[in-house]
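Beneath this line is the structure, given in structure tokens, with notes to follow.
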Amino acid sequence: TPSQADDIRDFQIEGMSIGDSALDYFSESEIKKYLYPKSKKFALSSHDIKNSEVYEGIRFHYKTKDKKFIIHALSGMISYANNVEACYTKEKEIIKELESQFPSGRKDAQGTLIHKSDPTGKSIYTYTAFYFDSGTISLECTDWSKSITLKKGWRDSLAVILQTKEFMHWIRNEAR
């Protein structure tokens, strides 16, 4: 639950926040390291969550040379297999909550977009972001095409994403 502040570090996903050490939640051997093709500055670690009432999985990014594994981006995922309408409903609920809890955040609702990970162009997602001095909180509700679901096993899902400004710059300009 977010607090009454306009700092993304005050927003938690499964008790974790931007600026926390991933070592407070995982051992070093549990922290996976997926690197991006063009830049090794940040690494990604993904984890399934058991016994959660909200999220089924989390992802976080940390600097590859940081021995404390400080979190610079954090996402919580909820699967909506064969029920994308429920995803849109939950997304709207969270947007209203964020508007209430973070009134100074600049909201940018981009609507429905074509997902770049589907070469057929048939997968879509909705995107809404709230911008703050410390970074962004964004939501993505993805509706994968039937062919992607069959081929890769990807399911429709909602992601709540926290990102520092430094990470956002890197992912947009250096990572891919």
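Couple of notes before you dig in:
- Neighbourhood charge, 14 Å Cβ-Cβ cut-off, centred on residue 10 and excluding it, Lys, Arg +1 and Asp, Glu -1: -4
- Simple spin-label estimate for residue 145 and residue 166 in nanometres, 7 Å along Cα-Cβ: 3.9 nm
- By the rule of a C-alpha distance below 18 Å, with chain neighbours fewer than 8 residues away ignored, the aspartates and glutamates paired with residue 33 are 20, 24, 48, 66, 174.
- Close Lys pairs in region 67-159, defined as Cα atoms under 17 Å apart and 8 or more places apart or on different chains, number 8.
- Loop GluC sites (Glu not before Pro), region 124-176, which have at most 16 other Cβ atoms in a 10 Å radius of their Cβ (DSSP): 174
- Estimated inter-spin distance, residue 46 and residue 99, nm [label 7 Å along Cα→Cβ]: 3.2 nm
- Which label in (i) 24.4, 73; (ii) 15.9, 43; (iii) 14.7, 42 gives the computed Rg and Dmax of the Cα atoms in Å: (ii)
- Considering only 52, 168, 18, and ranking their Cα positions along the charge dipole of the chain that arises from unit charges at the beta-carbon of Lys, Arg, Asp and Glu, the one farthest toward the positive end is 168.
- Residues in region 62-100 that a label on residue 120 would reach, taking backbone N under 18 Å of a point 7 Å out along Cα→Cβ: 81-84
- Once the chain from residue 14 to residue 89 is taken as fully extended at 0.36 nm per residue, the excess over their C-alpha distance is 24.9 nm.
- In angstrom, the C-alpha Rg and Dmax of region 1-64 are 13.0, 38.
- Debye, to nearest 20: dipole size of the chain, +1 on Lys, Arg Cβ, -1 on Asp, Glu Cβ: 1000 debye
Rule-based calculations on the coordinates, nothing more; no lab input. These numbers come from a predicted model, not from an experiment. All Cβ positions, even for glycine, are placed from backbone atoms using ideal geometry, and neighbour counts span all protein chains on display.
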